[in-house]
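The values are calculated or read from the model by the stated rules, or taken from the named source; none is laboratory data. This structure is a prediction, so every number in the text was calculated from the model and none was measured. Cβ sites come from the backbone with ideal geometry, for glycine too, and all protein chains shown count toward neighbours. Side chains included, ligands, DNA and RNA excluded: accessible areas come from the protein's heavy atoms. Shrake-Rupley method; radii C 1.70, N 1.55, O 1.52, S 1.80 Å.
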Amino acid sequence: MTYSAVTIFIQRFGSKMAHLRSLILLLSISLWPLPGLSQFCESVNGYCDSENILASSKILIKGGTVVNADHQEVADVYVEDGVIVAVRPNIKVPDGVRVLDATGRLVMPGGIDPHTHLAMEFMGTETIDNFFSGQAAALAGGTTMHIDFIIPVNGSLSKGYEAYVEKAKLSCMDYGFHMAITKWDDIVPKEMETMVEKGINSFKFFMAYKGSLMISDELLLEGLKKCKSLGALAMVHAENGDAVFEGQKRMIQLGITGPEGHALSRPPVLEAEATARAIRLAAFVNAPLYVVHVMSSDAMEEIARAQKSGQNVIGEPVVSGLVLDDSVLWNPDFITAAKFVMSPPIRAAGHGKALQAALSTGILKLVGTDHCTFNSKQKSLGIDDFRKIPNGVNGIEERMHLVWDTMVESGQISATDYVRVTSTECAKLFNIYPRKGAIRGGSDADIIIFNPNSTFHISAHSHHSRSDTNVYEGRSGKGKVEVTISGGRIVWENEELNVVPGSGNYISKPPFNYLYHGINKADQNYFASLKAPVNRIKQSL
């Protein structure tokens with residue numbers, strides 16, 4: 001078997017070949033000459049070109065409008081050795097510097113996707129995108145970092161971490177980790193401390209998926225308390241898992257077995273109830289809370305109510321919830337309908353508009369994707385029972401384009417707000433700002449050159465995910481990423497990807513983000529308000 005053939009084999013079956021994958025990656029980096037590197041690149045869907053990979057590490061982006069979350073200005077950006085060195089007008093550089101003309105373009109921080117699932121084992125299968133194909137797709141769409149969710153192995157955080165470190169050896173861009181909590185015993189809180197030391201500052205609790213990932217209120221309370229003591233951010237998938245289970249049984253009894261049964265079994269009221277419950281438990285503990293993939297106006301209103309009362313609650317919409325509606329689940333073609341199955345479900349028309357409005361007014365803070373892709377064959381596992389359809393949709397490549405077209409082109413947010421919701425707010429929440437999420441001296445050179453006057457078109461035939469379907473199939477719009485720079489390397493230019501496995505870096509995220517400012521004072525005020533315990537005279541009766 002040739003080296004190229006081995007590579008193709010691993011790309012296809014890599015999710016089950018962790019040790020062999022690591023061996024081939026090691027060979028590709030250390031043992032093979034440059035022609036071998038080029039051969040490797042060409043064998044993986046033409047993702048890279050060795051000449052561009054070895055190009056100069058000095059780049060001048062000239063004449064563009066630099067857009068940060070707080071201001072924009074016409075300026076040049078000079079990059080050297082993966083770091084932004086200077087941002088100012090009329091930068092002069094010596095020969096040997098690669099010059100990119102950004103006249104008429106916007107120069108913005110690369111996107112940061114806070115919510116992805118690559119190489120995730122779920123519902124009897126594994127997501128089709130691994131840490132190479134998923135990240136390559138992200139870079140083609142202008143996202144230069146993502147944060148993926150580690151799922152514990154039999155409840156063990158450390159074993160889950162080890163498994164994902166192995167999976168991430170294929171990375172071609174920067175990434176971080178969240179950690180899910182699926183059980184509670186004497187070991188888990190100690191492992192949480194270890195995870196924080198390893199740079200994980202967020203822990204997710206599933207209030208859904210009864211019988212697998214779902215946790216109880218008791219566990220959630222313990223988790224909230226531990227997150228607070230560690231300065232970590234507690235995250236929740238908010239759906240009432242017990243009621244969803246009942247709803248699923250009801251649909252089956254009614255003879256509704258297709259994808260429409262998925263949405264009907266878990267209506268917005270169950271998302272709102274769980275969101276409200278998590279918010280109130282977080283208030284009881286006085287811990288910050290992050291609600292992932294807010295899909296309904298009902299859940300959004302619970303978040304707005306909590307924020308109005310002064311509680312630190314973050315709401316994260318995802319692209320599918322902003323731009324799609326659930327009518328697709330009633331499509332008579334099973335594969336067409338099944339590709340839209342995710343949890344919480346895509347909602348009826350009207351919810352998306354309400355979520356867009358909440359994003360424009362700051363109730364919802366940042367946009368993720370919940371990129372969790374399964375191909376048609378995998379979705380067909382539930383052809384006779386919607387409960388067996390693997391949950392998840394794509395979005396890691398499409399997010400930056402769809403948010404611009406949906407939110408900026410419509411006038412709902414400005415270009416600076418766009419940077420905030422696609423990059424900067426995520427960097428701040430997960431405590432990696434201004435290293436990430438900014439175009440400024442000293443920041444990592446994760447940059448996109450964006451043409452607001454160009455158009456994009458989405459199709460499964462041209463996307464870079466390994467999935468054979470795309471939930472945004474056929475959509476076109478204004479605004480296009482023309483160049484992506486990741487870690488100072490030009491990785492997307494002229495519609496071509498130039499990436500190799502193993503070139504990405506793990507980004508450690510320290511605890512105690514800005515949401516923790518004032519927490520101690522609030523606790524002190526609470527204790528003072530109790531006026532207790534009362535010193536009473538004990539009398540014998």
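Some notes on this structure:
- The requirement of being hydrophobic (A, V, I, L, M, F, W, C), closer than 26 Å to ILE181 by Cβ and surrounded by 18 or more Cβ atoms within 10 Å (Cβ to Cβ) is satisfied by MET145.
- Qualifying residue in the range 296-313 (condition: open to solvent by less than 50 Å² (accessible area, probe 1.4 Å), under 14 Å from ASN240 (Cβ atoms) and in contact with a Leu (Cβ under 9 Å, 6 or more places away or on another chain)): yes
The rows are residues; the columns are (1) at pLDDT 95 or above; (2) open to solvent by 10 Å² or more (accessible area, probe 1.4 Å); (3) within 30 Å of SER454 (Cα to Cα); (4) among the aliphatic types (A, V, I, L, M).
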{"position": "THR116", "(1), (2), (3), (4)": "yes, no, yes, no"}
{"position": "THR125", "(1), (2), (3), (4)": "yes, yes, no, no"}
{"position": "ILE128", "(1), (2), (3), (4)": "yes, yes, no, yes"}
{"position": "GLY134", "(1), (2), (3), (4)": "yes, no, yes, no"}
{"position": "ALA137", "(1), (2), (3), (4)": "yes, no, yes, yes"}
{"position": "ILE150", "(1), (2), (3), (4)": "yes, no, no, yes"}
{"position": "VAL153", "(1), (2), (3), (4)": "yes, yes, no, yes"}
{"position": "SER156", "(1), (2), (3), (4)": "yes, yes, no, no"}
{"position": "LYS159", "(1), (2), (3), (4)": "yes, yes, no, no"}
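- For SER56, the conditions (1) of a type in the set (Ser, Thr, Tyr); (2) at pLDDT 95 or above; (3) farther than 30 Å from HIS461 by Cβ are fulfilled apart from (2).
- Residue in the range 489-497 that is part of a loop (DSSP other than H, G, I, E, B), of a type in the set (Lys, Arg) and at pLDDT 95 or above present: no
- Qualifying residue in the range 445-458 (condition: touching a residue at least 24 places away in the same chain (Cβ under 8 Å) and over 27 Å from GLU409 (Cα atoms)): no
- Test: residue in the range 224-240 that is open to solvent by less than 10 Å² (accessible area, probe 1.4 Å) and farther than 20 Å from MET179 by Cα: no
- In the range 506-533, residue nearest to ALA168 (Cα to Cα) [restricted to those that are of a type outside the set (Ser, Thr, Tyr) and crowded, with 16+ Cβ neighbours inside 10 Å]: ILE507
- For the residues GLU166, GLU197, GLU162, the requirement of being closer than 30 Å to ASN498 by Cα, free of Cβ contacts under 8 Å to residues at least 24 places away in the same chain and of a type outside the set (A, V, I, L, M, F, W, C) singles out GLU162.
- Sole exception among (1) free of Cβ contacts under 8 Å to residues at least 40 places away in the same chain; (2) of a type in the set (D, E, K, R); (3) surrounded by 17 or more Cβ atoms within 10 Å (Cβ to Cβ) for ASP405, by number: (1)
- Note on the range 139-159: residues that are closer than 19 Å to GLY502 by Cβ and charged (D, E, K, R) total 1.
- The range 317-397 holds helices (runs of 4 or more DSSP H) entirely within its bounds, and those carrying 1 or more residues that are touching a Phe, Trp or Tyr at 6+ places or on another chain (Cβ under 9 Å), of a type in the set (Val, Ile, Thr) and modelled with pLDDT of 95 or more map to 319-323.
- Residue check for LEU220: out of contact with any strand residue (DSSP E or B) (no Cβ under 8 Å at 6 or more places or on another chain), more than 30 Å from THR144 (Cα to Cα) and assigned to a helix (DSSP H, G or I): no
- Restricting the first member to the range 512-541 and to residues that are more than 16 Å from GLN311 (Cβ to Cβ), and the second to residues that are at pLDDT 95 or above and not hydrophobic (A, V, I, L, M, F, W, C), the beta-carbon pairs closer than 7 Å and six or more apart or on different chains are PHE512/GLY231.
- Strands (runs of 3 or more DSSP E) lying entirely in the range 78-138 (those with 1 or more residues that are over 20 Å from GLU316 (Cβ atoms) and hydrophobic (A, V, I, L, M, F, W, C)): 83-88, 98-101, 106-109
- Among the residues of the range 475-505, the ones that are open to solvent by 30 Å² or more (accessible area, probe 1.4 Å), touching a His at 6+ places or on another chain (Cβ under 8 Å) and closer than 17 Å to ALA137 by Cβ come to 2 in all.
- Single match in SER216, SER202 (criterion: open to solvent by 10 Å² or more (accessible area, probe 1.4 Å), under 28 Å from MET295 (Cβ atoms) and of a type in the set (Ser, Thr, Tyr)): SER216
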